[in-house]
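I have placed the structure first, in the form of C-alpha cells, so that the comments after it can refer back to it.
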Protein chains: 2
Amino acid sequence: MPKLVDPEARRREVVDALFRVVVRDGLQRTSLRAVADEAGLNIGSLRHYFSSQQDLMDFAMQSMLDGLTDRLLQHVERIGDLSRHPHPERLRLVADLLAELLPLDERRRAEVTVFLDFNAAARTNPAFRDLSHQAATGTRRLVRRVLTRLDESGTLRPGRDLDIETERLTALLDGLGLSAVRHPDVLSAQTCAEALRVHLEDLSDGR
Amino acid sequence: MPKLVDPEARRREVVDALFRVVVRDGLQRTSLRAVADEAGLNIGSLRHYFSSQQDLMDFAMQSMLDGLTDRLLQHVERIGDLSRHPHPERLRLVADLLAELLPLDERRRAEVTVFLDFNAAARTNPAFRDLSHQAATGTRRLVRRVLTRLDESGTLRPGRDLDIETERLTALLDGLGLSAVRHPDVLSAQTCAEALRVHLEDLSDGR
DNA sequence: CTCTTTGTATCACGCTCGTGATAAATTGTT
DNA sequence: AACAATTTATCACGAGCGTGATACAAAGAG
C-alpha cells in the first residue's frame with residue numbers, strides 16, 4: 001500500500017523547486033524560505049525532509065551531478081566502440097556527447113546555470129569544495145577519454161599533446177557554456193554548437 | 001597646498017580593499033562593513049565617499065574595466081602594425097596581449113576572480129547588467145580585432161569563419177580563466193598559457 | 001575667534017536569514 | 001477508539017545586512 005507522501009519524491013520535488021529558484025533568482029537569493037514557497041510547502045515542512053540548509057544544498061548538487069553523469073554514460077554506451085562507426089560520423093557522435101555540457105536547450109541551460117552559480121560559490125564555501133573539484137576532474141576525465149578514443153581510432157591529427165588538448169577542449173566547453181548562459185543575446189545556442197563542431201574538425205585530419 | 005585627504009585616493013583605497021575582500025571571501029560576503037574593516041575605515045566614513053552600496057560596486061567594477069582596457073590598449077599600441085614584426089613572432093605578441101585576460105600572476109588572478117564573481121552576480125542583478133554586457137562585447141571586439149589583423153597579415157590559415165573563431169577563442173580564454181581561478185591545482189598558469197599558444201598556432205599556418 | 005566645509009564615528013530601524021523548539025494536524029497501526 | 005509515527009505549521013531568537021539620521025571632530029577661510 002503506497003504511503004500518502006513518498007519522502008524521496010518529496011525530496012526530489014524540493015530539489016526541483018530549488019533549481020527553479022536558483023535559475024530565476026541566483027544561488028545568493030536561494031533561501032530556505034524561497035525554496036519552500038516555490039515548492040508550495042511550509043518552511044517547517046521543508047525542514048522535515050532536509051535537516052539544514054547545507055543538507056539541502058548538498059543533496060541538490062549531488063542530484064544534479066548524478067543526473068548528468070547518468071546521461072553522459074548513456075551517450076557513451078550508445079556510441080559503443082568508436083571505430084564501429086564510419087569515419088565522418090565519429091565527430092558528430094562525439095560532438096553530441098560533449099554537447100550534453102552545453103546549454104543548447106532549456107534543460108541543459110538550467111543545468112549549466114545552476115552549475116555555474118554553484119561552482120562560483122564553491123570557491124569561497126568550503127562545504128562545496130569537494131563536489132566542485134569532483135565535477136572539474138570528472139569533466140576532464142570525460143574529455144580526455146573522448147580525445148584518447150579519437151586518437152586511437154586514427155581520427156585525430158598526429159602530434160597532439162593530449163594533456164593540452166584536454167584542457168583546451170574543456171576550456172572551450174566551459175567558456176561556451178558561460179557565455180551562452182550569461183549572454184544568450186551575444187552567443188546563441190547554434191553558434192555554440194557550431195564552435196564545438198569546428199573545434200573537433202580542427203583537431204581531426206582534413207577528413 | 002595639498003588637502004589632508006585626497007578624496008579620489010581614498011576612493012581608490014576603498015576599491016582596493018573591496019577587491020581584496022571579494023577575492024578572499026567572495027562577492028556574496030562583501031558587505032559594506034567588511035570593506036570598511038578591510039580598508040581600516042569606519043563604515044560611516046566609507047559612506048561619506050560612497051553614498052550607497054550600489055554606488056561603491058558600480059565604481060569598483062567600472063574601475064576594474066577601465067584599468068583592464070588601459071592595459072590592453074597599451075599592449076595594442078606597443079605592438080603597432082602586426083606586419084612590421086617577423087612572421088614567427090606575431091603569434092607570441094598576440095598571445096601576450098590576450099594573456100592579459102588570463103590569471104597568470106597574482107594581479108591578473110585577482111582581476112579575473114573579481115570579474116567572474118561580478119559577472120555571476122550580473123545574471124540576476126539588473127544593476128550590473130550593462131557593465132557585464134559591455135565587458136562581454138568588449139572582449140569579443142578585441143578578440144575579433146586580433147583575429148582580423150592576423151588574417152590580414154596572412155598569418156591565419158585560409159577558410160576560417162571569423163565569427164566562429166572569435167567565439168571559439170573568446171570561449172577558450174573565458175574557460176581557461178575560469179578553471180585556472182577555481183581549480184588552480186588542476187589547471188596551472190603554465191598550462192593555461194600553453195593552451196592559448198597551441199590554439200593560436202593551430203589557427204595559423206604550419207609556420 | 002568664528003563659521004563653514006569636510007571628514008569621522010555611532011546609534012537605531014526594518015529587513016531577511018538559518019535554526020531550535022514546539023505545537024497542531026494527519027496518517028497508519030493496533 | 002486509542003495510540004504512535006509522520007507530516008505540517010508557528011513562533012521566537014540572534015545574527016548580519018543597508019541605510020537614514022545625527023552627533024562629533026578637524027581643518028581652512030573670513
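The values are calculated or read from the model by the stated rules, or taken from the named source; none is laboratory data. Owing to the predicted nature of the structure, the values given are computational and were not obtained by experimental measurement. Reconstructed Cβ throughout: ideal geometry from the backbone, glycine too, with neighbour counts over all protein chains shown. What goes into the accessible areas is simple: the full protein's heavy atoms, side chains included, and nothing from ligands, DNA or RNA. Shrake-Rupley method; radii C 1.70, N 1.55, O 1.52, S 1.80 Å.
Some notes on this structure:
- Any hit, region B:61-69, residues being among the polar types (S, T, N, Q) and free of Cβ contacts under 8 Å to residues at least 24 places away in the same chain: no
- Restricting region B:26-54 to residues that are open to solvent by less than 80 Å² (accessible area, probe 1.4 Å) and more than 9 Å from DNA strand D (Cβ to nearest atom) leaves a set whose member that is nearest to the other protein chains (Cβ to nearest Cβ) is B:G26.
- Matching option when the condition is at negative phi, of a type outside the set (A, V, I, L, M) and touching a residue at least 40 places away in the same chain (Cβ under 8 Å), among B:R140, B:R160, B:R144: B:R160
- Taken over region B:8-25, the criterion of being open to solvent by 50 Å² or more (accessible area, probe 1.4 Å) and either within 14 Å of DNA strand C (Cβ to nearest atom) or more than 25 Å from A:L27 (Cβ to Cβ) (or both) is satisfied by B:E8, B:R10, B:R11, B:R12, B:E13, B:D16.
- Close pairs (8 angstrom Cβ cut-off, 6 or more residues apart or separate chains): more than 13 Å from B:R149 (Cβ to Cβ) in region B:74-88, modelled with pLDDT under 90 anywhere: B:H87/B:R207; B:P88/B:R207
- Residue count for region B:109-152, restricted to those that are of a type in the set (D, E), within 18 Å of B:L68 (Cβ to Cβ) and surrounded by fewer than 21 Cβ atoms within 10 Å (Cβ to Cβ): 1
- Entry remark, region B:55-71: residues being out of contact with any helix residue (DSSP H, G or I) (no Cβ under 8 Å at 6 or more places or on another chain) and within 9 Å of DNA strand D (Cβ to nearest atom) number 1 in total.
- Failed item in (1) open to solvent by 50 Å² or more (accessible area, probe 1.4 Å); (2) more than 9 Å from DNA strand D (Cβ to nearest atom); (3) modelled with pLDDT of 95 or more, with B:E77 passing the rest: (3)
- The residues on offer are A:L102, A:L82, A:L65, A:L98, and the sole one that is touching a Ser or Thr at 6+ places or on another chain (Cβ under 8 Å) and more than 16 Å from DNA strand C (Cβ to nearest atom) is A:L82.
- With respect to being in the same structural domain as B:L82 (by TED's automatic domain parsing) and open to solvent by less than 10 Å² (accessible area, probe 1.4 Å), B:L176 fits the description.
- Annotation: B:R10 fulfils all but one of (1) in contact with a helix residue (DSSP H, G or I) (Cβ under 6 Å, 6 or more places away or on another chain); (2) at pLDDT 95 or above; (3) farther than 19 Å from B:H133 by Cα; (4) not assigned by TED's automatic domain parsing to the domain that holds B:L147; the unmet one is (2).
- Yes/no for B:L32 being more than 13 Å from DNA strand C (Cβ to nearest atom) and aliphatic (A, V, I, L, M): no
- So B:V114, is it out of contact with any strand residue (DSSP E or B) (no Cβ under 9 Å at 6 or more places or on another chain) and away from chain A (no Cβ under 11 Å): yes
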